[in-house]
Amino acid sequence: MVQVNGIQYRWPQYPVVVVCIDGGDPAYIQQGLQEGFIPNIARFMKQGFSVVADGTVPSFTCPNNMSIITGTPASKHGISGNFYLDTRTGEAVVMTGPELLRGDTILARFAEGGARVVAITAKDKLRRQLGKNLDVSKGNINFSSEKADQCTLAENGIEDVLEFVGSPLPHMYSADLSLFVLDAGIKILERNRPDLMYLSLTDYIQHKHAPAEDEAKRFYMDLDERFGKLAALGAVVALTADHGMNDKADAEGKPNVIWLQDILDREFGKGDTRVICPITDAFVAHHGALGGFVRVWCRGKATPKKIIDAIRGTDGLESVLDKETACKVHDLPPDREGDVVVISTADACIGASAADHDLSGLEGHRLRTHGGVSEAKVPFILSAPLNDEYRLKAGAATLKSYRIFDFAINGAMPL
Ligand SMILES: [Zn+2]
């Protein structure tokens, strides 16, 4: 038994592989099922377990990856975005540091208990949080495909990864960055047969391509083939996503953006409010740092109430909440929350100032992005059926995606 953040986990009798399909909106799986190009996922859904679950809001990468590996909501683990504003310094702080992650990860606790644990991510920005307290000197592995060429035994628990996987270093903006994660996972499963493996992909394809486009279909075929290999090697494979993805362009193909900082500056004057887009990171070419969830901090005479009165009802905004309500409704940590939370509808997104967002990276593609409640529905698929206890748990309420390790370890009955 291993206890993590209030949940008891039994010792896995089989390798458990949890895959986070970054940006893996349920619509992509729907498309694949309709056209029959994801036979392994289809088999998991038929023979195992499948539901559309609720992810963490804001529906961004870091909060959801942390929810999944801790088994807790953002109010507990503290990572409620990719950025937050440090009100003492007025600086936007990137939330990828392991020191900002509260509580233990399921991965580290199992490793402490003697399990062999592997955490691989596509983007290096997630690596250190996934590897928080994971001792790689004891046979555990933690690396990113982005920096697979720089792995050392001391830092990552593995070296010569490119030779081992048999692929060149994938490009930062490519489907291969994700496929490399899975190929490495398959090789490690063959060689080391670890107890727990967490494989986190990148949403490059989903940001660029809708489910019916050939590039997206190709990507899902490639994913499906690899999921089949993981299952064939005897693992229970659990598939979820950090968030979905919606098209946010208008009829002419132009991004449907609410430039919130510009609106607030007109209303209250420059410097009185500060809009932070928590999607922002160094990896923005394909979404221009535009998402469906932003935070506003009051810096002068503007108050939460005045801000809410000024923007509530704006076309494209689904909800405008004060801090207390936002934390209650979306289970968020108050000390990292803005004074006002603004969430867009499915077909719109929110930016700060038009002048600060570079949309040239879209290269003529329609804007597809995420962050709001409308992108928080994610797949929750297990390759093996559930035992009676977990079938009951699954039926009792809407399932949270951060229960995926719990379900895969405690609930799955390998065929
Ligand atoms: Zn993501």
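The values are calculated or read from the model by the stated rules, or taken from the named source; none is laboratory data. Computed from a predicted model, the values in this text were never measured in an experiment. Heads up, the Cβs are rebuilt from the backbone with ideal geometry, glycines too, and the neighbour counts pull from every protein chain shown. Accessible surface areas use protein heavy atoms only, side chains included; no ligands, DNA or RNA. Shrake-Rupley method; radii C 1.70, N 1.55, O 1.52, S 1.80 Å.
Out of the DSSP beta bridges found with both residues in the chain, what percent are antiparallel (nearest 5)? In the chain, DSSP labels about 60 percent of beta bridges as antiparallel. At the residue level, E337 shows approximately 0 square angstrom of accessible surface with a 1.4 angstrom probe and all protein chains present.
For the chain, relative contact order (Cα pairs under 8 Å, six or more residues apart, normalised by length) works out to 27 percent. Placing a label point 7 Å from the Cα of R193 along the Cα-to-Cβ line, the residues of segment 223-239 whose backbone N sits under 20 Å from it are 228-238.
About its Cα centre, the dipole of segment 1-126 is roughly 380 debye, where the only charges are +1 on Lys and Arg Cβ and -1 on Asp and Glu Cβ.
For segment 243-366, the solvent-accessible area with a 1.4 angstrom probe is 43 square angstrom per residue. Among I120, T369, A74, whose Cα sits farthest toward the positive end of the charge dipole of the chain (+1 at Cβ of Lys/Arg, -1 at Cβ of Asp/Glu, about the Cα centre)? Positive-most Cα among the choices belongs to A74.
Mean separation of Cα pairs under 8 Å and 6 or more residues apart, divided by the residue count, gives segment 271-364 a relative contact order of 37 percent. What does a probe at N5 reach in segment 100-123, counting residues whose amide N is under 19 Å from the point 7 Å along Cα→Cβ? It comes to 100-113, 117-121, nothing else. Model label sites at R299 and S353, defined 7 Å from Cα along the beta-carbon direction, differ in position by 0.9 nm. Evaluating kT/(6 pi eta Rh) at 4 °C and 1.567 mPa s, with the Kirkwood radius of the chain over Cα pairs in the Stokes-Einstein relation, gives 60 µm² s⁻¹.
Computed over Cα pairs, the Kirkwood radius of segment 142-228 leads via Stokes-Einstein (0.692 mPa s, 37 °C) to a diffusion coefficient of 240 µm² per second.
Evaluated with a Cβ-only charge set (Lys, Arg +1; Asp, Glu -1), segment 158-278 carries a dipole of roughly 180 debye about its Cα centre, given to the nearest 20. For the cross-link pairs K125/K208; K305/K328; K217/K377; K46/K254; K132/K328; K229/K377, the ones whose C-alpha atoms lie over 29 Å apart are K46/K254. Helix-only arithmetic for the chain: the sum of -39500 (n - 2.57) across DSSP H runs with n ≥ 4, divided by the residue total, places the mean residue ellipticity at 222 nm at -8500 deg cm²/dmol. The residues of segment 44-89 expose, per residue, 29 Å² of accessible area to a 1.4 Å probe. Round to the nearest 10 and give me the degree value, 0 to 90, for the angle of helix 214-232's Cα axis relative to the longest principal axis of the chain. Approximately 40 degrees, to the nearest ten. Shape summary of segment 185-226, radius of gyration then Dmax from alpha carbon positions: 13.4, 37 Å. The dipole here belongs to segment 125-185: it is taken about the Cα centre, uses +1 on the Cβ of Lys and Arg and -1 on the Cβ of Asp and Glu, and is about 400 debye. Which percent of the accessible heavy-atom area of the chain goes to carbon and sulfur, probe 1.4 angstrom? Carbon and sulfur atoms account for 49 percent of the accessible area of the chain.
What residue among V161, V373, V237 has the largest mean-square fluctuation in a Gaussian network model of the chain, using Cα springs under 10 Å? For the chain, modelled as a Gaussian network with Cα springs under 10 Å, the answer is V161. Per-residue extension of 0.36 nm, minus the Cα-Cα distance of V52 and D214, leaves a gain of 55.9 nm for this segment. Close amide H pairs (under 5 Å, H built 1.01 Å from N) link F83 with M95, residues at least 5 positions away or on another chain.
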